[in-house]
Amino acid sequence: MKKICYFLLLTIIATVFSCKKEDGVTTGIQPVNLAVNLTYALDSSEYTLPVKGVSVKLTNTATSSILSSTSNDSGIARFAGIPAGTYDVDATITISADNYYTITGTYVAEDVTFNASEKNRAIAVGNDVSIAMTLVAGSTGEWVIKQVYFAGSNRTDGALFRDQFFEVYNNSDQVLYADSLYIGQVFGRQSFTSSNYYTQTNGQMDWTQSLNMPTGIDANNDFVYTRTLLMIPGTGTTYPVQPGKSIVIAQTAMNHKVPWTGANGTTISVKNPDLTVDLSAANFETYYAGFLSTPLASDVDNVSVPNVEVIQYFGNDWIMDNNGRDGYVIFKVDSSQAVKNWPMYNFPSTSTPSSTATKYYQVPLKYVIDAVEIQPINAEDRIPKKFGAMYDAGFASVPKGAYSSQSVIRKTLKTINGRIVLKDTNNSTEDFDYFEVATPGGFK
């Protein structure tokens, strides 16, 4: 009997240890030593920029936990004993204007920020893993995209998508003119379910495969492609914007908190005014009715608010993707450019597109003043990035997603003599916060 009991005890112990060992295998949480190797994308070898002191942040896409490190003299940021998994990796360093001049001999008015980013990077089980990342400097402009209210408000108690708006800010210390400022809604892959187009290795559309796309250009990296293109009207000095002030472009410039009459004579109202916004004092609005045989009843022309010029439109009104899968650019061009005559291309379909298939303007990134990428908050819902690190190394999101009344809002960096300067490092993950309820003209 004792021998039998002893044998059973050994069997139980062996089973427990076997299960623990098996648990360790299936969870995949064995620690990983990660080294992030940082270099610069430089056109010149006449100088060396500092690789020490680069801030590197790892965000676990499953748990949202964040780990931080700083690079050493060799440009290596180390993370010891991290769990295997999928991470967003963001690296950034800001070099002061004076230090940048000392190093390069080039005068710049503002500090220069360099970014590198990899999203949804799988870090597998292993003793030592290394990632190479290249830091690039984004161009910062006097205009910045300040707020994007794409989510809309509650479907039944709010205004759905009718209250969406877009806000652009004068981040300089000079009067700027909004005349001929272009706003583009950038098109790209919206989901992983469709397989009827060519893709790049990063999963985004491969525009080099578009019908009649010329060779000899970098169609994927030097351009973006818009499905909506709007322009602020004016003669050049019609719409001055003071330093530290913004302009709001509304989908429909109405007070969405109170009932109003739609284009078909019906009353449009909301059950909970607190969920939506008053856009009756917007600076500009979009108006599509003139292009459509059956416009939306909510597309009302507020005659007291100027209309933007619609160069290109998609859908029945300027409806931004409520789920947050669009990118946005603002740009200006000189007199040598006729934007309306820029080439347009079909998306890179694996089959020959019809003669009536939608085409998208090809916008040269060299003219872009600011770019903001929007992504869903949940990692599993994200789509491949549309912008490289030079234009937006990260992305902005709202925590509650579609129809939440939330907007993304650029953070305040500092205040100079009462003028608010907004943060602009070309990394929307770092530059943007959110409003619980969108607030035209507000600050965070």
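The values are calculated or read from the model by the stated rules, or taken from the named source; none is laboratory data. This one's a predicted model, so the numbers in the text were calculated from it and none came from an experiment. We place every Cβ from the backbone using ideal geometry, glycine too, and count neighbours over all the protein chains shown.
Can you tell me how many residues within the range 253-288 are within 31 Å of the chain's Cα centre (by Cα) and modelled with pLDDT under 95? Total meeting the criteria: 0. Residue 367: among the hydroxyl-bearing types (Ser, Thr, Tyr) and without any contact (Cβ under 8 Å) to a residue 40 or more places away in the chain, yes or no? Criteria met by residue 367.
Taken together, the criteria exclude residue 310 from residues that are buried (at least 17 other Cβ atoms within 10 Å of the Cβ), assigned by TED's automatic domain parsing to the domain that holds residue 166 and either under 26 Å from residue 170 (Cβ atoms) or not aliphatic (A, V, I, L, M) (or both).
Can you tell me which of 216, 141, 188, 158 is part of a loop (DSSP other than H, G, I, E, B), modelled with pLDDT under 95 and over 21 Å from the mean Cα position of the chain (by Cα)? Being part of a loop (DSSP other than H, G, I, E, B), modelled with pLDDT under 95 and over 21 Å from the mean Cα position of the chain (by Cα) holds for just one of 216, 141, 188, 158, which is 216. Annotation: residue 130 fulfils all but one of (1) in a strand (DSSP E or B); (2) in the same structural domain as residue 282 (by TED's automatic domain parsing); the unmet one is (2). Across the range 164-175, not a single residue is classified as small (Gly, Ala, Ser), assigned by TED's automatic domain parsing to the domain that holds residue 312 and either farther than 29 Å from residue 283 by Cα or at pLDDT 95 or above (or both). Restricted to the range 57-82, and to residues there that are outside any loop (DSSP other than H, G, I, E, B), without any contact (Cβ under 8 Å) to a residue 40 or more places away in the chain and closer than 26 Å to residue 375 by Cβ, the residue that is farthest from the chain's Cα centre (by Cα) is 69. Quick test for you: out of 315, 324, 265, pick the one residue that is touching a Pro at 6+ places or on another chain (Cβ under 8 Å), of a type outside the set (Asp, Glu) and assigned to a loop (DSSP other than H, G, I, E, B). Exactly one of 315, 324, 265 is touching a Pro at 6+ places or on another chain (Cβ under 8 Å), of a type outside the set (Asp, Glu) and assigned to a loop (DSSP other than H, G, I, E, B), namely 324.
Every test in (1) in a loop (DSSP other than H, G, I, E, B); (2) in contact with a helix residue (DSSP H, G or I) (Cβ under 7 Å, 6 or more places away or on another chain); (3) of a type outside the set (A, V, I, L, M) is passed by residue 399 save one, and that test is (2). Can you spot a residue in the range 93-108 that is modelled with pLDDT of 90 or more and either surrounded by 21 or more Cβ atoms within 10 Å (Cβ to Cβ) or basic (Lys, Arg) (or both)? Yes; the residues of the range 93-108 include at least one that is modelled with pLDDT of 90 or more and either surrounded by 21 or more Cβ atoms within 10 Å (Cβ to Cβ) or basic (Lys, Arg) (or both).
Of all residues in the range 311-358, those satisfying the criterion of being among the acidic types (Asp, Glu) and closer than 23 Å to residue 190 by Cβ are 317, 321, 326.
Taking the numbered list (1) touching a Ser or Thr at 6+ places or on another chain (Cβ under 9 Å); (2) in contact (Cβ under 8 Å) with a residue 40 or more places away in the chain; (3) surrounded by 13 or more Cβ atoms within 10 Å (Cβ to Cβ) in turn, residue 41 passes all entries but (3). Could you please give the count of residues in the range 123-135 that are exposed (fewer than 14 other Cβ atoms within 10 Å of the Cβ) and at pLDDT 90 or above? Total satisfying the criteria: 2. Just so you know, in the range 234-262 the residues that are of a type in the set (A, V, I, L, M) and in a loop (DSSP other than H, G, I, E, B) include one that is surrounded by the fewest Cβ atoms within 10 Å (Cβ to Cβ), and it is 258.
For every residue, the table says whether it meets (1) of a type in the set (Val, Ile, Thr); (2) closer than 24 Å to residue 426 by Cβ.
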{"position": "33", "(1), (2)": "no, no"}
{"position": "42", "(1), (2)": "no, yes"}
{"position": "66", "(1), (2)": "yes, yes"}
{"position": "86", "(1), (2)": "yes, yes"}
{"position": "89", "(1), (2)": "yes, yes"}
{"position": "98", "(1), (2)": "no, yes"}
{"position": "102", "(1), (2)": "yes, yes"}
{"position": "105", "(1), (2)": "no, yes"}
{"position": "114", "(1), (2)": "no, yes"}
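Scanning the range 113-120 turns up one or more residues that are of a type in the set (Phe, Trp, Tyr) and either assigned to a strand (DSSP E or B) or in contact (Cβ under 8 Å) with a residue 60 or more places away in the chain (or both). Inside the range 406-441, residues that are more than 18 Å from the chain's Cα centre (by Cα) and either assigned by TED's automatic domain parsing to the domain that holds residue 90 or not in a strand (DSSP E or B) (or both) make up a count of 7. Looking at this structure, is residue 166 under 21 Å from residue 323 (Cβ atoms) and in a loop (DSSP other than H, G, I, E, B)? Here the answer is no, as residue 166 does not meet what is asked. Of the candidates 361, 391, the single residue that is aromatic (Phe, Trp, Tyr), crowded, with 18+ Cβ neighbours inside 10 Å, in contact (Cβ under 8 Å) with a residue 40 or more places away in the chain and not in a strand (DSSP E or B) is 391.
Among the residues of the range 328-358, those that are part of a loop (DSSP other than H, G, I, E, B) and either surrounded by 19 or more Cβ atoms within 10 Å (Cβ to Cβ) or in contact (Cβ under 8 Å) with a residue 60 or more places away in the chain (or both) comprise 332, 333, 347, 348, 350, 351, 352, 353, 358. Among residues of the range 261-278 that are at negative phi, those with a Cβ under 7 angstrom from a residue that is surrounded by 11 or more Cβ atoms within 10 Å (Cβ to Cβ) and assigned to a helix (DSSP H, G or I), sequence gap 6+ or separate chain, pair up as 263/289.
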